[in-house]
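Some notes on the structure that comes next.
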Amino acid sequence: MNGEDVTARMWLELSALAPDRWLAIRRAVAARIAADLLAELDRLPRPASRLDLERQLRAGQLAHRKVA
Amino acid sequence: MTNPAEAETLRQKASRLLDTYGALGDESVCTEAMRAYQELLAEHPHDAGLHWEYGRLLDAHGRNSIRAAVACFERAIELDPGQNGPHFNLIFSRAALHETELVVDLYKERLAAAPDQIREYGFLARAYFYAGAREEAGKVIAAGRKLDPDDYGLLDLEAELLDAAGRREESLAIRQTLKQRDPENLGSWYMSAFTLEALGRYEEAIAEWRYIIGWLEAHDEALHTQWPKEMIAGIEAKIAATDTGAGGTGS
């Protein structure tokens with residue numbers, strides 16, 4: 001049984017054991033998962049700046065036009 | 001007084017219209033420029049400069065069309081927030097414009113606001129994936145699967161991510177699971193066909209395409225069988241080339 005199977009089983013049992021509180025538990029866990037994820041993503045360098053690439057492309061086309 | 005536009009040659013006019021369209025994005029100017037370049041190219045089919053300029057015009061027109069599409073997807077999302085499709089189109093179109101940062105930021109904000117919505121993990125993961133940020137995409141998928149380990153969309157994206165990372169056998173294993181879970185969704189058959197072809201498992205790839213064709217014909221979608229048939233023809237050509245190469249080595 002891998003980690004994902006354990007997680008799936010745990011969720012299933014939780015929803016059966018505490019059906020009335022299930023949604024609140026899920027929301028609380030989700031908030032924690034997302035907060036940890038977003039904090040981790042913010043620590044990583046941003047993906048290459050594609051917007052800059054686009055601007056360079058446009059500027060380059062203008063430059064080529066002037067040369068031509 | 002002479003109007004400068006009257007004295008210019010067709011070539012000068014085309015260049016002027018290209019310049020104006022690049023600056024202002026007026027589609028009527030683009031249409032006029034296209035007509036001018038098509039006329040010039042008919043007269044001078046071997047003029048490299050003309051092909052270059054016409055290509056730049058088409059490129060600018062294409063980008064502006066995608067920008068208009070982005071506005072449509074944003075409006076569709078605004079009008080019907082529950083639909084998933086326009087989000088995926090928005091992410092794809094922004095990627096085509098090299099504006100992945102905008103959607104990464106947007107879907108990070110959306111995830112922070114609705115962390116229990118599993119689809120938000122899918123949107124953000126895809127935004128990173130199209131930005132070429134596979135590590136980040138993988139982290140988002142893993143986080144989403146903590147919440148819902150069996151989510152179809154996240155598994156589908158994980159299969160794509162594994163394929164992109166060259167882990168094709170693992171990708172195929174997930175595809176097999178997805179096919180069993182939803183045989184009516186052809187997505188995994190298409191993706192398996194590409195993966196099998198990339199692995200050189202041509203006969204298996206053809207079998208996937210034949211399944212797709214059979215499904216489409218059975219569902220009155222024969223119109224869409226043309227491309228799968230072309231794909232099969234392409235793979236058969238590869239097999240023939242391989243056989244010829246193998247046969248020719250001994251002579």
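Points to keep in mind about this one:
- Efficiency of FRET between B:Glu43 and B:Ile66 - r from beta-carbon atoms, R0 22 angstrom, step 0.05: 0.10
- Across region B:183-244, the mean sequence separation of Cα contacts (distance under 8 Å, 6 or more residues apart), normalised by length, yields a relative contact order of 28 percent.
- Chain B - percent relative contact order, Cα under 8 Å, separation 6 or more: 8
- Pairwise label distance in nanometres, B:Asp26 with B:Lys238, each label 7 Å out on the Cα-Cβ vector: 4.9
- Summed residue charge, Cβ within 11 Å of B:Ala165's Cβ, Lys/Arg positive, Asp/Glu negative: -2
- Between A:Thr7 and B:Glu184, the FRET efficiency from the beta-carbon distance, with R0 = 30 Å, is close to 0.65.
- Per-residue HN-Hα couplings for region B:195-208 [Karplus 6.51, -1.76, 1.60; θ = phi - 60°; Hz; x = Gly/Pro]: 5, 4, 5, 4, 7, x, 8, 5, 4, 5, 5, 4, 4, 5
- Each residue, B:Glu230 and B:Ala7, gets one label point 7 Å from its Cα in the Cβ direction; the gap between the two is 4.9 nm.
- For B:Asp26, no residue 5 or more places off, or on another chain, has a built amide H under 5 Å of its own.
A short reminder: the numbers here are calculations on the coordinates, not readings from a lab. As the structure is a computational prediction, the values presented were derived from the model and not from experiment. No Cβ is skipped: glycine too gets one built from the backbone with ideal geometry, and neighbour counts run over all protein chains shown.
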